Amino acid sequence: MVKKLLCIIACGVLISSCAPVTSSNIGGGQALPQKGGDYAYSNYVLINNRALLRDLQITDIKSRMVNGLMQVQVQVLNKSSRNFSFDYSFSWFDAEGFQVFGVGGHWTPVQVTGNEVKSLIGVAPKPEAQQFRVKIRKSK
Amino acid sequence: MIQKSKIFTCITIMVLFAFGTFGCARVQYGSPGEVETLTQEFGSTDLQTIAEKMVNSMLLSPVIGADRPVIYVSQIKNKTAEHIDTKSITDKISTAMLKSGKVRFTAASEINKDLLDQLEYQENTGLVDPRTRKKLGRQIGADYMIYGEITSITKKAGRKRDVYYKITFKLADIETGIIEWMDEKEIRKQAQKGILGL
């Protein structure tokens with residue numbers, strides 16, 4: 001009985017540790033938050049790795065229109081003193097939430113040194129792209 | 001006799017298992033957007049990151065305005081020791097730029113002879129309806145020309161190997177000869193061989 005109970009607890013811990021840490025939906029027409037913690041940016045940034053969520057902090061998100069296209073800058077701070085790498089990928093959506101495909105969409109590897117701030121910059125592939133999401137994952 | 005037959009059956013099962021494990025290749029689809037680090041040579045991730053950097057930079061340039069300039073894509077010189085399909089890089093960039101709706105490309109850079117042949121066919125064979133016949137001398141001249149180069153520096157020290165790529169793209173005004181836009185992308189790839197040299 002005790003063994004069974006331990007098994008159930010272990011499985012629970014395993015499942016909860018594997019589940020995505022933050023989930024996000026593109027928020028239609030929401031204003032970009034200027035400052036805040038990781039969770040404040042969950043509509044725009046998805047980090048689905050617990051270790052990365054501990055080590056990385058989104059310090060700023062900016063957007064502007066250039067030549068009719070949305071340019072986005074996401075600043076990521078490596079809170080740890082370790083050097084490591086992660087991958088990021090921009091996805092773009094139109095006003096109705098349909099995905100807009102362009103040259104991006106692939107994973108881009110980035111190396112960060114300890115306590116460094118990196119700027120992840122994305123440009124909308126078309127003028128119709130009005131919303132974005134950045135996915136960040138641990139490098140394989 | 002029974003023992004011999006048992007041994008034969010065992011060997012047959014082992015051989016079949018070995019073939020099943022090592023003999024058949026396992027094929028599966030992968031995402032084209034995955035980071036590829038199979039070897040140190042120029043790969044798909046390099047191509048994608050170069051194209052993204054150049055497209056983003058060019059689209060934000062003041063040269064690309066509302067008047068949809070016409071661009072001629074020239075050759076990207078490969079000055080590395082590797083075989084790199086530079087046409088594939090320019091194609092990826094051209095596709096993304098065209099899809100943005102901000103520029104147009106002239107086909108003259110790729111199929112000038114084919115275009116000329118088709119115009120001559122329409123003009124001279126008498127097979128084409130004159131009402132739909134396209135006239136010579138009405139092609140639109142390109143406003144800008146894209147060109148560039150890829151260079152690399154490779155160094156080896158013991159089991160370590162370092163490759164540095166530098167990719168430079170330029171956009172020149174054909175009429176004035178002025179370079180209106182220019183950007184570069186640097187990529188560093190490092191590899192270390194195992195103790196057994198693998």
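The values are calculated or read from the model by the stated rules, or taken from the named source; none is laboratory data. Note that the structure is a prediction, hence the values are computed from the model and not measured. Counting neighbours? That spans all protein chains shown, and the Cβs are built from the backbone with ideal geometry, glycine included. The accessibility values were calculated without ligands, DNA or RNA, using every heavy atom of the protein model including side chains. Shrake-Rupley method; radii C 1.70, N 1.55, O 1.52, S 1.80 Å.
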For region B:49-63, the count of residues that are crowded, with 21+ Cβ neighbours inside 10 Å and within 8 Å of chain A (Cβ to nearest Cβ) equals 5
Scanning region A:82-109 for residues that are more than 10 Å from chain B (Cβ to nearest Cβ), open to solvent by less than 70 Å² (accessible area, probe 1.4 Å) and touching a Phe, Trp or Tyr at 6+ places or on another chain (Cβ under 6 Å) gives A:92
So which of A:119, A:139 is within 19 Å of residue A:52 (Cα to Cα), open to solvent by 20 Å² or more (accessible area, probe 1.4 Å) and at the interface with chain B (Cβ under 9 Å from one of its Cβ atoms)? A:139
Taking the options B:25, B:66, name whichever one is farther than 23 Å from residue B:191 by Cα, at the interface with chain A (Cβ under 8 Å from one of its Cβ atoms) and out of contact with any strand residue (DSSP E or B) (no Cβ under 7 Å at 6 or more places or on another chain). B:66
Every residue in region A:116-140 that is more than 23 Å from residue B:55 (Cα to Cα) and at pLDDT 95 or above, please. A:116, A:117
For region B:148-164, how many residues meet the condition of being under 15 Å from the mean Cα position of the chain (by Cα) and buried (at least 18 other Cβ atoms within 10 Å of the Cβ)? 2
What about residue B:91, is it open to solvent by less than 70 Å² (accessible area, probe 1.4 Å), closer than 29 Å to residue A:63 by Cα and of a type outside the set (Gly, Ala, Ser)? yes
Residues located in region B:79-117, provided they are more than 14 Å from chain A (Cβ to nearest Cβ) and assigned to a helix (DSSP H, G or I): B:86, B:87, B:108, B:109, B:110, B:111, B:112, B:113, B:114, B:115, B:116, B:117
Residue that is least open to solvent (accessible area, probe 1.4 Å) [pool: residues in region B:31-48 that are at the interface with another protein chain (Cβ under 10 Å from one of its Cβ atoms) and hydroxyl-bearing (Ser, Thr, Tyr)]: B:45
On the given criteria, is residue B:184 open to solvent by 60 Å² or more (accessible area, probe 1.4 Å), at pLDDT 95 or above and among the acidic types (Asp, Glu)? yes
Considering A:79, A:126, which residue is within 11 Å of chain B (Cβ to nearest Cβ) and open to solvent by 40 Å² or more (accessible area, probe 1.4 Å)? A:126
As an exercise: evaluate residue B:67 against (1) part of a loop (DSSP other than H, G, I, E, B); (2) within 25 Å of residue A:136 (Cβ to Cβ) and give the number of the one condition it does not meet. (2)
Residues of region B:165-181 being more than 18 Å from the chain's Cα centre (by Cα) and surrounded by fewer than 18 Cβ atoms within 10 Å (Cβ to Cβ), in sequence order, are B:173, B:174, B:175, B:176, B:177, B:178, B:179, B:180
